[in-house]
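What follows is a single structure, written as structure tokens, with notes after it.
The values are calculated or read from the model by the stated rules, or taken from the named source; none is laboratory data. Since the model is a prediction, treat every value here as computed from it, not as a measurement. Cβ sites come from the backbone with ideal geometry, for glycine too, and all protein chains shown count toward neighbours. For accessibility, only protein heavy atoms count, side chains too; no ligands or nucleic acids. Shrake-Rupley method; radii C 1.70, N 1.55, O 1.52, S 1.80 Å.
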Amino acid sequence: QVQLVESGGGLVQPGGSLRLSCAASGTIFRINAMAWYRQAPGKQRELVSRISSGGSPNYADTVQGRFTISRGNAENTVYLQMNSLKPEDTAVYYCNIMGSTTYYTSFNSWGQGTQVTVSS
């Protein structure tokens, strides 16, 4: 039972910044990857950014150079720093963590989603 709790969404003007946070709780043996997805109305959920267990990040082309994914000092925490926000960034953002609860048992947990609205 791995549960994710997200926070940090809200309304921001174009060019502004937000930082999303995601904290995991429960039995975690190993985390393989942490990621942020987003889903805009009428569109499929898309991968925004991912960070591996080794700390290597990747980004969607649409956000590269503006967003930064990072792990917190607490191993069960991941952040998404969003700068230079654009109206097209408006979406519900979801945290995703994949790993193992035991040596043999994997998990794939999702946060509840947090709304990000970029509008003047």
*Given the conditions (1) over 19 Å from S17 (Cβ atoms); (2) in contact (Cβ under 8 Å) with a residue 40 or more places away in the chain, report the number of the one that G55 does not fulfil.*
(2)
*Among the residues of the range 1-11, which ones are on the phi > 0 side of the Ramachandran plot and open to solvent by less than 30 Å² (accessible area, probe 1.4 Å)?*
G10
_Consider the range 87-114. How many of its residues are surrounded by fewer than 14 Cβ atoms within 10 Å (Cβ to Cβ) and not aromatic (F, W, Y)?_
7
*asked:* I'm told V48 meets every condition in (1) open to solvent by less than 40 Å² (accessible area, probe 1.4 Å); (2) of a type in the set (A, V, I, L, M); (3) part of a loop (DSSP other than H, G, I, E, B) except one. Can you identify the failing condition by its number?
replied: (3)
*How many of the residues making up the range 30-45 are open to solvent by 70 Å² or more (accessible area, probe 1.4 Å) and closer than 15 Å to G113 by Cβ?*
4
*Looking at the range 65-110, what strands (runs of 3 or more DSSP E) fall wholly within it and have at least 1 residues that are more than 13 Å from W36 (Cα to Cα)?*
91-100, 106-110
_Every residue from the range 51-95 that is of a type in the set (V, I, T) and either in contact with an Asp or Glu (Cβ under 6 Å, 6 or more places away or on another chain) or closer than 14 Å to V116 by Cβ (or both)_ = T62, V63, T90, V92
*Just give me the residues in the range 12-29 being in a strand (DSSP E or B) and either touching a Phe, Trp or Tyr at 6+ places or on another chain (Cβ under 6 Å) or surrounded by 13 or more Cβ atoms within 10 Å (Cβ to Cβ) (or both), in sequence order.*
V12, L18, R19, L20, S21, C22, A23, A24
